[in-house]
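Have a look at the structure below, then the notes.
The values are calculated or read from the model by the stated rules, or taken from the named source; none is laboratory data. All figures in this text were calculated on a predicted structure; none of them were measured in a lab. Cβ placement follows ideal geometry from the backbone for every residue including glycine, while neighbour counts extend to all protein chains displayed.
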Amino acid sequence: MTHTGRHWPSGSVGTGRTPTPPTRTCTAHDPRTLGCMLQTSSPSRAPPRWPNSAPGTAAIQFPLYSLRPCRDDHRRHFMPDPSPPALRPREVGGLGLWLREWTEEDLPVMVELFDNPEMDRWTPLRSPFDMAAATAYLAKAHQTKAESRGIHLAITVEDDQPRGEVLLRPTGNPGEGEIAYGIGPQYRRQGLAKRAVELMTRHGFQDWGMTRILLRIEPANEGSQAVAASAGFQLTGDAPVVRERKEGPFTLLTWERTT
């Protein structure tokens, strides 16, 4: 996990709540817009249709943070989540990835991903990272979300198997957030880090209303610096940040994106 506010949005943009359309069924998914083709029986108004879509079939799009997966036809589609905003899982899809919250079923996978020398070298994760550490980490992630201090999302692809983690948290400065991430050693060199950072950056800008997003990286971590540059981040002239881990203090340089 490379070291790299606004409050949580409460629902659909401009309304404060997720729309609840009448009797609609997911029929197809458009990966370009993360929208869902919904068959509607009697819509209150006629929403726009995708090109060449059948009469009566409307394209309804929902913001990322109010979506949940629908697995009709064994594919990921998106439907509105009617649960209270504070209880909704944070899930973000795009760029061939699906970022979702960790669950208790993921604990053994967390151990497999995080209990290795590279994670110990570059991240503040506990080492050794055993089942007890994974359980404590999951509880901390849930508490962080409940207190609106950030989100920890597992990086998955179509098979839903976690391959790493990406975090987003407000820094305390208005409109500013920080991303951190970690990829399991067996899943590196697949472009997962770059795509996860890009996707979470988009989420921070579009859905949290952030205007500046940071990555904080050790000067010796050339791999993470390459990820930052490829994801559109630039090294700033900010003063180095000093943090602590069990081996002692370490220094981080700040990379930023503002668009």
- Item | Output for segment 144-177, where each listed residue is surrounded by fewer than 15 Cβ atoms within 10 Å (Cβ to Cβ) and more than 16 Å from Met110 (Cβ to Cβ) | Ala146, Glu147, Ser148, Arg149, Glu158, Asp159, Gly172, Asn173, Pro174
- Count, please, the residues in segment 196-211 that happen to be surrounded by fewer than 22 Cβ atoms within 10 Å (Cβ to Cβ) and on the phi < 0 side of the Ramachandran plot. 7
- Of these, Trp98, Trp122, which one is farther than 28 Å from Leu253 by Cα, among the aromatic types (Phe, Trp, Tyr) and crowded, with 19+ Cβ neighbours inside 10 Å? Trp98
- Residue check: is Gln186 farther than 18 Å from Ala154 by Cα and assigned to a helix (DSSP H, G or I)? no
- Residue in segment 102-112 that is within 17 Å of Leu199 (Cα to Cα) and modelled with pLDDT of 55 or more present: no
- Item | When residues of segment 178-195 are limited to those that are of a type in the set (A, V, I, L, M, F, W, C) and in contact with a helix residue (DSSP H, G or I) (Cβ under 9 Å, 6 or more places away or on another chain), the one surrounded by the most Cβ atoms within 10 Å (Cβ to Cβ) | Ile179
- Only residues that are touching a strand residue (DSSP E or B) at 6+ places or on another chain (Cβ under 9 Å) and among the β-branched types (Val, Ile, Thr): list them for segment 97-124, please. Thr103, Val109, Thr123
- Query: Taking into account only those residues within segment 127-143 that are within 10 Å of Asp115 (Cα to Cα) and of a type in the set (Gly, Ala, Ser), which is farthest from the chain's Cα centre (by Cα)?
  - Reply: Ser127
- Item | Number of the exception - Glu244 against (1) touching a Leu at 6+ places or on another chain (Cβ under 7 Å); (2) part of a strand (DSSP E or B); (3) acidic (Asp, Glu) | (1)
- Any idea which of (1) modelled with pLDDT of 95 or more; (2) within 19 Å of the chain's Cα centre (by Cα) is the one Thr123 doesn't satisfy? (1)
- Query: For segment 196-220, how many residues are of a type in the set (S, T, N, Q) and at pLDDT below 95?
  - Reply: 1
- Message: If I go through segment 212-231 residue by residue, how many of them are surrounded by 15 or more Cβ atoms within 10 Å (Cβ to Cβ) and in a loop (DSSP other than H, G, I, E, B)?
- Response: 3
